[in-house]
Structures are given as structure tokens and as C-alpha cells.
2 protein chains.
Amino acid sequence: MHKGDWNYIRNLNRRVILEEIVKNASLSRSELARITGLNKATISTQVNDLLEQGLVIETRTEALDTPGRKPIIIEMNENAGFTVGIDIDELSTNIIFCDLKGRRLHQKQLHLDTYHFESMLDELIQQLQTEIGVFQNGSSIPPLAGIGVGIHGIVNNDSQIVYTPKQQWVDLDVKTRLEQAFDAPVHVDNSANLSVYAEHVYAKHGSDLFCLTLYSGIGLGMVKDSVIYRGYQGFAGEIGHMIIEPDGKPCPCGNHGCWELYASNKAFFKLLHESGDEFHTQEQVSKHLETTDAEQEIAEYIFYLSIGVNNVINIFNPERIIINSPLFASMPELLDRVEASLQSKFNNYDELKISGLNEDACALGAAALAFKKFLGVHHVDHSASFPSSQ
Amino acid sequence: MHKGDWNYIRNLNRRVILEEIVKNASLSRSELARITGLNKATISTQVNDLLEQGLVIETRTEALDTPGRKPIIIEMNENAGFTVGIDIDELSTNIIFCDLKGRRLHQKQLHLDTYHFESMLDELIQQLQTEIGVFQNGSSIPPLAGIGVGIHGIVNNDSQIVYTPKQQWVDLDVKTRLEQAFDAPVHVDNSANLSVYAEHVYAKHGSDLFCLTLYSGIGLGMVKDSVIYRGYQGFAGEIGHMIIEPDGKPCPCGNHGCWELYASNKAFFKLLHESGDEFHTQEQVSKHLETTDAEQEIAEYIFYLSIGVNNVINIFNPERIIINSPLFASMPELLDRVEASLQSKFNNYDELKISGLNEDACALGAAALAFKKFLGVHHVDHSASFPSSQ
DNA sequence: TAATAGTTTGCATAGTAAACAAATTAATTA
DNA sequence: TAATTAATTTGTTTACTATGCAAACTATTA
């Protein structure tokens, strides 16, 4: 708990005002005063400061059919900066540029050899420099406001990579290297954390939000009161290694019967494989399922997935759970079967839904994190501007 | 996010100061200034306000062997109030009186017929009035500062009882009745939440704390940054119904293989019963185990308990987990066996320990909650005054 | 005398209320 | 129809206030 002096309260109110400007695409000073409860005079001084800093701009409105002076609209200055979100996965690296209104400006998929960390990093920096150069087109307007990086592994609370199961990275520092290369603040976090953060930022805000990412493993991201839950050392969310089958399949983690051996997307592929066919992409699987009945495999998969979802619900009583999974994206009807399996009396949640962000969630969340840090706000609400390519 | 004005900042600093006075049994104004970073003048005005309100008192110190003026010690005024914590369980109701320094003043065990809610409440109110009368001895000094109530069931965020599995209470209001009877604020919460809160308040503060209560069921209480995690509607922590054995034993909740069917204290009793002997109290069990080898039952119990503990660790990456269990209280050596079973690479926690508060945790937490609300602080640290009977 | 505790005084700051200025629509009047 | 007036809303200015801060001051004690 921090002491309060006039500097503290000034920053607090600045934050409150900025958060509203971010949330509501167009606001006048008097609307800000109404929404925040702050005095009109206070709003004026604070907004004028933000104008001087170039963070926001004034624009005119269309004529209104109400009497009285027309309001001057305050909005984010798009030329004040842009953010970059990077999702470094084993096989492909997803890069998304966003403007300060949260809109997706540019996107690129890189294919880096992630097994050699240093050369991957060199390659990433070089390619990113090219992309930024093209985007800024010679000038340096808008400037780079910050970079967010998602790692599929454990990242501690100081943006340091602790461990990644796929590449076996141990204690590596991507933050410092990128900060030196781009002279902008870099924030690194676990991909599940950034995915849920993206869902949080681009969806209507509730008190809490949980996001299950089902790919080669299972990740759980949790947002409570706009804060990502990271655990004591940033290790939270290793829910894939929740044991749901004692003496079950052996897991590289050292235990038996971990959830992700049964309910990850990879586990589903394996189930199909055991029944004969081999698949490597979701498209192949979807096509296969159109013509072939795989009721038994699907039933088994849903059975185990539902066990874990039941557990998450009983532990957290979440308002909303979002499932980010290629399988569910292509077969949304499976969701009903999961919901039907949640039979416990104590299962209490408000909404279970499928992600609309899918594979881009992590990179978008990374960009949103960079944005949040750049502005110094606590809450980012970009629900008004869904991050389409346009 | 609230706006900041002079009133906000004044309360903020008042809270910071009060929290330090609560935490450190004896502090002078100048020490407060050093600790909080606030100016000496600010401390003086704020402390003088607290003195006027009668919340704190000044006492003299012993002679120090340092030069300079002796400090005036500020401490909580014990005559400013006392709190009551009530743990309403199926068979017995535990009542603890605490002073404003967190010390246990008085304790009483009541045996109420909890199956008839209304008559239980009448009886409770009457007995409590007697207890308070005896304690205050005719006068009304110290006054009753607040009452906390722990319920073994689901309590929503408005202190309303939603459901208790044992007594089958549904949608009942204990708060209003007690507030009318005692003219003091009443706060109701789930017993696992209050138990972890007690551990938090009476232990050295860390960033987070998790407490597993193993009695007839299993409860999980979570404290993060001094805030009890309650979930969306206050239903969080129903971890006893986490499924750890698919198609396992049937549970009244509607599912199969819930954790508490395998790892609650009751489940251990059942295991022993299945092997021949029947026990009803922990003393009987402890005595039995002194003479009889029950290696097989213990091994099975530890096996299932460890699965759930593994899951908690992987989901939360907690700093500390506390086990509150009659079995572990009488056989602390079992803890090593649990720790030995946590084999996952990802198991990351700092400390797994056995509760020192045991059956009193809930009532102490209830009293601490009442204290917190009474003072209007966010953090309560009573680690200096372990709540012994003296 | 030196050191430490605590108070007093005057100042700086940022928010507030209220008055004011500006801009715009709607109604009224010439 | 055109000009005037009223009403309404936005945003700024001004005087004021509460509170924290720094520094000077008083009090107390080895």
C-alpha cells in the first residue's frame, strides 16, 4: 500500500481519464466529467496536459440536434505510437502491429528455427526491423510505443524466460536484447496469460475471465479485476499438469495422468491416430470428420475435457470461461456437449464460450500489454474496436 | 477505479498508518513517519485524529539507552472495542472473542441443533448475549466492534447463505438477524475463506497463501495480496468436488470421483472403517494408529491427497500452502510423505506446512474479518500476537 | 552539547464550486 | 423572412480549500 500525496492523486485521476478515453472511442470533456465524477475544471487541466504530451487529440463533431454548444471530441492520437505483439511458438512466430486504439494495423507470420535461441533472436530482430521500416515508411511517425512477447513456457515476474518444454529453453533473456535493438520497452509473459488478456481487452469487461488454450498442451490464463494472475513466481496456470487420471498415461513432467495427455488438441490428434489415421493440421482433421464418424474418439475427448473444465469451475467459480482451441473453432457444436457434461450441483459459472481470437490471441494480448504499460493505465478496454485486419 | 480527491488521499494515509499501528505492537510517531514515508507533520495530524476518535492511545516507554527525547508510543486502544468470531458447524459452534490487538480474550463452544435454522439462531443470539454480558461485566466498555460468522457452505458476496450441504440450508440470512440483535456490523463468509484469512492474519505476510481444510469435506481458501478470493458469486473454493478419479466413487454433487471422497478426513475414517474398525473422533484414530499398523490405508490416503495438492500447486504456483487437518495435526510426520509425492517438474511452491490454528482457524478468521471491516483497513497483520488463550 | 521526538508555520498543489464565456438550437417577434 | 431573445450545453477562469511537505522550532534526554 502506497502513501498518498498530491502526485499520487494526480496520476490516479490521469489514469482514470485515460482509461475512459481508451474505452469510449469519442468523448467530450463534459462527458468525461460526468463519467468520472471529477470536476469539469479538473478534466480540463488534465486533458490539456494530455494534449500537450500529444497522447490525445481534439476533433470536431457532426452537428447534433440538441441545443447548446457542440462538444469538442477527445480521442487517442494515433500518431503518438504503435505497439507490436509477438507470439514466439515452436514452429511459427506471429507478429501483430496495433495502433493506440487497439486496431490491428499489420500482421506477419515468421518461420524461425526456435531451437537455436540466439540465431532465432537475431533473425527475429532483423525481420522485425524490416517490418517496422516498411510500416513507418521512412519517417519515425508513429513511434514504437512498446513490444509485448508471448512465450510458450514459464516466464517469471521479471520478464525472464525460466523454462520452455518444447525448445528446452532455460533461463533466457529476450527482454534486454529486444530493448537494446528497438529502444522501446519490452514485456514478456506466458502465452496463456497473454491470450486471456487479449480476450479480456477485446471483450466486454466482467469481474473475472478464464481462458483455456488447447493446442499441443493446455494452458489456463486468469484475469481478475483486470489483473493477470501470475502466481508466486509466475508459474501459475500449469493446469495441463493437473492429474485427472491416477496411474494414467506417463507424462514428461514426472507424474501420471496429467490432463493435457487427454484433453489437449494434440491428445485428440493422437486419439484419432490410434484409431488408424494420422493428421498434422486442424484442416485435415476437420475434413476427415466431415466424412468419417469418430463418435467414440470425440466422446472420449469430451469426457476428459469436461472433467478438467468441471474442476476449473469448482475451484474458481468463474464468471466466464473461454475455450481457445482449433478443434472447437472448427466444430463449435462440441461446446454443447461439454456443457451437458458439467453435472455437478456446484458447477457455477455464467458463460462458457469459444474464443473469437484463436491463434492471434497471444500476439494481440502481447500488444495490449505493451499498450497498457505505455499509457500507464490499469485497465484496457478495447471492446469497441474488434481487432479485425481492417 | 475511483477518482482521487483530498478525502480519498486522507483516508488512504489514515489506512496506511493504522495498518502499521496494528502490525507493530508499539510505534512512535517518528517511526511511523520513517516506515510509511509520510511527513512527520502528516503523521502528527493523522495520529491526533485517531487519538481523538479513541482508536489509539499514547503510552510511555521504558528508558532507552540512546540520547534524545523518548518517543511516545502509539498503540491500539483495547477499550475501543472487541470482535466476535463465530464458526457455525453442524455439531458445534465455536465462539471466540478477540481484542483490537488480535489477542484471544474468551472462547466458548456451543452445541446447537443446527438443523432448525430459526431455533438455532434464537439460541445462538441468546447464548451470545449472555457471553457478551459476562465479558463486559455490566458496563459496555469495550463496545462490540463487529461480528464475523463462518458458514460451512456457500455464502455469496452479500453475506447471504446460499447453500450448506450438511444442514441443507438454502438462501438464509444470518447477517440481518444478528445485526438487529447486537447492533453491530456482521460479516458472513465461507469457513474455508475465513480459515485461510486467519492463517494470513496470524502468520508472516507473503504475497499469497492457500489453505486446505480437510475435515468432513475439503475446502480451499485463497488469499492474494491480503484479499480473499471469492469467485464470481462467492462460490470459489469448492475444490472438494474436483474430479481426480474418472468414473470413481459417486458423489452427492452428481459427479463421480470427487477429491473429497478420497482425501478428506472423513474419507480416511471410512478407509479405516472398511478395514474393520470404526472411529468417530480423531483421538480414537490417533490411539488406534499408535498400536496398529495401517500402512496400506495411509498410503492410499496420501496418494490421493497428494494428487489434489499437486493440482493446486500446478494451477496456482502458491507461495505457501497450509494444511488444516486433524489427522495432520496429530501426525505431522505425514507431511513429508505428501511432499515426497509431489514429483512433477512444474511443482513450484515455497512452503507446505501444517496449520497451527486447527479447529479455531475459522472463528479467528471471522473475528479478524470483523476487525478489518471495523478499522476500514485493507491489510491486517497480527503475526506479532499469536492468538493463544492468554 | 548532541541527538532524537514531536509541533508549528508557511507554502505548494491539485481538486472544487461557482461564475463566466462561448457556441449552438429553438422560440418569439418585427 | 430575418432579427432577436431565451435556453441549453460546453468549456474556462477565478477564488477557495484541504492536505501533504519542508523547514524551523520546541521539548526531552543521555
Can you tell which of B:50, B:55 is surrounded by 13 or more Cβ atoms within 10 Å (Cβ to Cβ), in contact (Cβ under 8 Å) with a residue 12 or more places away in the chain and in contact with a helix residue (DSSP H, G or I) (Cβ under 6 Å, 6 or more places away or on another chain)?
B:55
Residue B:91: within 16 Å of DNA strand D (Cβ to nearest atom), more than 14 Å from every other protein chain (Cβ to nearest Cβ) and exposed (fewer than 15 other Cβ atoms within 10 Å of the Cβ), yes or no?
no
Considering only the stretch B:34-55, state which residues are within 8 Å of DNA strand C (Cβ to nearest atom) and of a type in the set (A, V, I, L, M, F, W, C).
B:41, B:43, B:47
Among B:76, B:120, the single one that is touching a Leu at 6+ places or on another chain (Cβ under 6 Å) and closer than 24 Å to residue B:193 by Cα is B:120
Do you know which of the residues in the stretch B:135-166 that are at positive phi and surrounded by fewer than 18 Cβ atoms within 10 Å (Cβ to Cβ) is nearest to the chain's Cα centre (by Cα)?
B:137
Quick check, is residue A:289 in contact (Cβ under 8 Å) with a residue 24 or more places away in the chain, assigned to a helix (DSSP H, G or I) and of a type outside the set (Lys, Arg)?
yes
Sole exception among (1) closer than 22 Å to residue B:240 by Cα; (2) within 14 Å of chain A (Cβ to nearest Cβ); (3) of a type outside the set (Lys, Arg); (4) touching a strand residue (DSSP E or B) at 6+ places or on another chain (Cβ under 9 Å) for residue B:341, by number:
(4)
Residues to consider are A:145, A:181; find the one that is more than 17 Å from residue A:120 (Cβ to Cβ) and either touching a Gly at 6+ places or on another chain (Cβ under 8 Å) or at pLDDT 95 or above (or both).
A:145
In the stretch A:5-37, the residues that are in contact with a helix residue (DSSP H, G or I) (Cβ under 8 Å, 6 or more places away or on another chain) and within 11 Å of DNA strand D (Cβ to nearest atom):
A:5, A:6, A:8, A:9, A:27, A:29, A:30, A:32, A:33
Hey, any hits in the stretch A:265-283 for a residue that's in contact with a strand residue (DSSP E or B) (Cβ under 7 Å, 6 or more places away or on another chain), touching a residue at least 24 places away in the same chain (Cβ under 8 Å) and among the aliphatic types (A, V, I, L, M)?
no
In the stretch A:167-218, how many residues are among the acidic types (Asp, Glu) and under 12 Å from the mean Cα position of the chain (by Cα)?
2
I'd like to verify a number: residues in the stretch A:39-64 that are away from DNA strand D (no atom under 11 Å from the Cβ) and more than 24 Å from residue A:143 (Cβ to Cβ), how many?
2
Take residue B:266 and tell me if it is away from chain A (no Cβ under 12 Å) and out of contact with any Gly (no Cβ under 7 Å at 6 or more places or on another chain).
yes
Could you say whether any residue in the stretch A:74-81 is on the phi > 0 side of the Ramachandran plot and under 32 Å from the mean Cα position of the chain (by Cα)?
yes
Odd one out for residue B:4 among (1) touching a residue at least 24 places away in the same chain (Cβ under 8 Å); (2) of a type outside the set (Lys, Arg); (3) within 8 Å of DNA strand C (Cβ to nearest atom):
(1)
With the requirement that a residue be among the small types (Gly, Ala, Ser) and farther than 12 Å from residue A:80 by Cβ, what does the stretch A:41-55 give you?
A:41, A:44
Does any residue of the stretch A:94-103 turn out to be more than 9 Å from DNA strand C (Cβ to nearest atom), modelled with pLDDT of 95 or more, outside the structural domain of residue A:131 (by TED's automatic domain parsing) and not hydrophobic (A, V, I, L, M, F, W, C)?
no
Tabulated pairs, the stretch B:195-219, first more than 22 Å from residue B:96 (Cα to Cα), second among the aromatic types (Phe, Trp, Tyr) and in a loop (DSSP other than H, G, I, E, B), C-beta under 7 angstrom, 6+ apart or interchain
B:207/A:232; B:208/A:232; B:218/B:259
Name every residue in the stretch A:298-333 that is surrounded by fewer than 18 Cβ atoms within 10 Å (Cβ to Cβ), away from chain B (no Cβ under 14 Å) and either in a helix (DSSP H, G or I) or under 19 Å from the mean Cα position of the chain (by Cα) (or both), in order of residue number.
A:329, A:330
Looking at (1) surrounded by 13 or more Cβ atoms within 10 Å (Cβ to Cβ); (2) within 13 Å of DNA strand C (Cβ to nearest atom), find the lone condition where residue B:79 falls short.
(2)
Of all helices (runs of 4 or more DSSP H) completely enclosed by the stretch B:1-72, which ones contain at least 1 residues that are away from chain A (no Cβ under 14 Å)?
B:29-36, B:40-52
Counting only residues that are in contact with a helix residue (DSSP H, G or I) (Cβ under 9 Å, 6 or more places away or on another chain) and not β-branched (Val, Ile, Thr), the stretch A:104-117 contains a total of 8
Can you run down the residue pairs with Cβ atoms below 7 Å, 6 or more apart or on separate chains, where the first is in the stretch B:232-253 and more than 19 Å from residue A:210 (Cα to Cα) and more than 7 Å from chain A (Cβ to nearest Cβ) and the partner is among the β-branched types (Val, Ile, Thr) and surrounded by 24 or more Cβ atoms within 10 Å (Cβ to Cβ)?
B:240/B:218
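The values are calculated or read from the model by the stated rules, or taken from the named source; none is laboratory data. Since we're looking at a predicted model, the values are computed, not measured. Virtual Cβ from ideal backbone geometry, glycine too; neighbours counted across all protein chains shown.
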